[in-house]
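Taken together, the values in this text are just the output of simple stated rules run on the coordinates, not laboratory data. Note that this is a predicted model, so its numbers are computed, not measured. Cβ atoms come from the backbone with ideal geometry, glycine included; neighbour counts cover every protein chain shown.
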2 protein chains.
Amino acid sequence: LCCIARCYVHPVPGLQIFGVPGIPEITGGVDLAATIVDAAIAAGSPLADGDIVVVTSKIVSKSEGRIIELADVEPSPFAIEWSAEWDKDPAVTEVVLREAKRIVRQVGPVMITETHHGFVCANSGVDQSSSGAHGRLVVLPADPDASARRIRAGFAELGVDAAVIVSDTFGRAWREGQTDIAIGIAGMQPILSYIGQFDPHGHEFRVQAVCLADELAGAAELVKGNISRMPVGVIRGFQWDVDDDATIAPVLRDQSRDLFR
Amino acid sequence: LCCIARCYVHPVPGLQIFGVPGIPEITGGVDLAATIVDAAIAAGSPLADGDIVVVTSKIVSKSEGRIIELADVEPSPFAIEWSAEWDKDPAVTEVVLREAKRIVRQVGPVMITETHHGFVCANSGVDQSSSGAHGRLVVLPADPDASARRIRAGFAELGVDAAVIVSDTFGRAWREGQTDIAIGIAGMQPILSYIGQFDPHGHEFRVQAVCLADELAGAAELVKGNISRMPVGVIRGFQWDVDDDATIAPVLRDQSRDLFR
């Protein structure tokens with residue numbers, strides 16, 4: 001009775017966050033939802049309704065064939081000149097430029113860009129590591145919200161109602177160290193707004209909107225790690241309202257409202 | 001046997017994150033460590049060795065008497081003029097300026113400052129809400145690392161070896177919504193470095209240093225919430241190495257390395 005009470009009457013309080021081990025190397029065309037569901041079952045922690053599944057963008061990109069062969073890339077004169085100055089591969093620079101709609105800062109060897117999606121990050125999020133072989137680059141998914149929606153729909157087909165976040169690892173202004181943040185979302189809104197709510201003393205809350213999606217992505221990184229091969233993390237026990245119109249758009253600050261761009 | 005296996009042989013995988021309810025209103029001189037330990041016991045989730053305890057800066061400030069009576073503040077001519085233009089309380093503006101060593105951006109009614117600690121945030125982190133009464137402001141702890149060390153030492157006196165993070169809620173460049181980040185730390189290093197490590201294909205990792213402290217602070221926000229009265233979150237199951245020389249300093253990007261300041 002005591003033991004039953006431990007397991008069922010008093011469940012673990014708060015959130016559980018765990019990684020999904022055993023995900024194989026992902027190649028183009030792989031059904032990510034089925035792969036994740038199967039791996040979670042094999043690991044003894046099957047997905048459940050209400051879970052939030054955080055998927056590293058790299059495996060999303062690989063499943064969607066978002067891989068560039070550097071040998072196929074013809075660098076522009078601008079890419080060639082800047083790469084020579086900073087000892088970089090001009091084909092890589094060219095891919096970074098093609099993934100960008102604007103260069104936000106270009107200082108020394110550092111290039112901070114705004115991607116076509118509207119993310120501000122180093123090198124347009126282009127990842128030369130873990131691309132499966134030298135001479136290839138993994139670029140961000142073309143539409144990470146659509147990627148997240150596809151994975152969520154795949155979970156639903158397999159009987160699981162889970163929200164999905166596609167995450168990537170970004171640097172920040174002013175602070176050293178990178179954190180995982182959300183670049184795509186499906187099933188839940190990324191931001192929780194407190195606007196118009198007041199504290200017991202009648203002051204409007206100083207915090208007006210919390211970016212849950214970024215906090216959830218960062219929390220999942222704690223179990224996924226960046227160098228372990230654990231590209232999927234699951235957050236269980238977090239309450240969210242189903243919203244199938246949700247996208248990451250509310251997180252992207254409009255340039256007109258941005259003081260640092 | 002099956003049930004015992006569930007509870008003890010196969011513990012909950014990954015991390016658990018839970019809030020500590022029942023923390024009373026904090027006033028100057030309160031022993032925060034003892035207050036948190038007692039509340040956790042009363043809630044049925046006592047702290048344990050290895051826990052990471054994330055404490056909202058507001059209650060740290062209150063316990064340290066970091067409260068400003070606005071009636072005691074004499075605004076400077078600069079504070080008076082700018083406040084009149086943007087319909088703000090000049091005494092509040094004066095406190096924001098005194099907590100800053102530099103104004104990073106001042107556009108319309110928005111003031112982004114660098115605090116004396118070196119944090120870049122809106123209004124020097126000054127919090128007019130939840131200050132206990134109108135006419136008072138809560139300012140950030142004078143030395144959040146020292147605050148964290150005191151709380152960690154208090155836990156140790158009560159027999160618990162826990163790391164401590166003092167958190168606050170900051171906005172970001174480029175992204176809407178705020179997230180909780182670390183402003184002070186004790187017992188563990190805030191950044192995990194991968195510099196010099198290589199992936200299976202011989203590429204250095206794109207991610208070179210993860211700011212665990214900020215991811216942990218954000219994860220704890222998911223259970224604390226900003227409007228619930230739950231100022232303490234506990235992260236259990238995350239492996240960390242004890243380092244009693246740790247501070248938040250490695251997270252503060254030097255101005256010479258900062259492209260956005």
What ranking of B:Val92, B:Val126 emerges when the number of other C-beta atoms within 10 Å of each C-beta is taken as an exposure proxy, fewest first?
B:Val92, B:Val126
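Counting other C-beta atoms within 10 Å, which of B:Ser193, B:Ser256, B:Ser167 has the fewest, and how do the rest follow? All intermediate terms of the calculation are to be shown ahead of the outcome.
On the way: B:Ser193 13, B:Ser256 6, B:Ser167 30.
Going from sparsest to densest Cβ surroundings: B:Ser256, B:Ser193, B:Ser167.
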Restricted to Cα positions, what overall size does the protein assembly as shown have along the principal axes? Three whole-Å values, descending.
68, 67, 44
Output ³J(HN,Hα) for the range A:86-100: one whole-Hz value per residue in order, computed from phi by the Karplus curve 6.51 cos²θ - 1.76 cosθ + 1.60 with θ = phi - 60°, and x for Gly and Pro.
10, 6, 10, 6, x, 5, 5, 4, 4, 5, 4, 5, 5, 7, 9
Please give the helix B:144-157 orientation as an angle from the longest Cα principal axis of chain B, in degrees from 0 to 90, rounded to the nearest 10.
40 degrees
Show the residues, 5+ positions off or on another chain, whose built amide H is closer than 5 Å to the amide H of B:Ile183.
B:Val166, B:Ser167, B:Asp168
If we hang a label 7 Å off Cα along the beta carbon direction at B:Leu158, how far is it from the matching labels on the other copies, in nm, shortest first?
4.3
Need one number for the range B:57-104: average projected area of the convex hull over its C-alpha atoms, nm².
4.2 nm²
Which residue, chosen from A:Ala34, A:Val60, A:Phe78, occupies the Cα position most advanced towards the positive end of the dipole of the range A:29-113, where the dipole is computed from +1 (Lys, Arg) and -1 (Asp, Glu) charges on Cβ about the Cα centre?
A:Phe78
Candidate lysines - alpha carbon under 28 Å from A:Lys101, same-chain residues fewer than 8 apart omitted
A:Lys58, A:Lys62, A:Lys88
Would you mind telling me which residue in A:Ala153, A:Ala71, A:Ala163 has the biggest mean-square fluctuation in a Gaussian network model of chain A, where springs connect alpha carbons within a distance under 10 angstrom?
A:Ala71
Give me a comma-separated list of calculated 3J(HN,Hα) values for the range A:230-243, in order, Karplus coefficients 6.51, -1.76, 1.60 applied at θ = phi - 60°, integers in Hz, x for any Gly or Pro.
10, x, 10, x, 10, 10, 10, x, 8, 7, 9, 8, 5, 9
Using a Förster radius of 60 Å, what is the FRET efficiency between A:Ser76 and A:Ala156 based on their Cβ-Cβ separation? Nearest 0.05, please.
0.85
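What percent do you get for the relative contact order of chain A when only Cα pairs under 8 Å and 6+ apart count?
Numbers: 474 pairs, mean separation 65.4, N = 261.
Rounded, it is 25 percent for chain A.
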Dipole of chain B, positive end: most advanced residue of B:Val96, B:Leu137, B:Met230 [Cβ charges, Cα centre]
B:Met230
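What is the Rg over Rh value, at two decimals, for chain B, using alpha-carbon atoms and the Kirkwood definition of Rh? Can you show the working numbers first?
Numbers: Rg = 20.2 Å, Rh = 19.9 Å.
Looking at chain B, the ratio lands at 1.02.
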Kindly write out, for the range A:218-224 in residue order, the coupling ³J(HN,Hα) from the Karplus curve 6.51 cos²θ - 1.76 cosθ + 1.60 (θ = phi - 60°), rounded to whole Hz, with x marking Gly and Pro.
x, 4, 5, 4, 4, 9, 6
Which of the chymotrypsin sites (Phe, Trp or Tyr not before Pro) found in the range A:30-126 are loop residues per DSSP with 14 or fewer other Cβ atoms within 10 Å of their Cβ?
A:Trp86
Counting just the Cα atoms, what span does the range B:38-154 cover along each of its three principal axes? Round to the nearest Å and put the largest first.
52, 28, 20
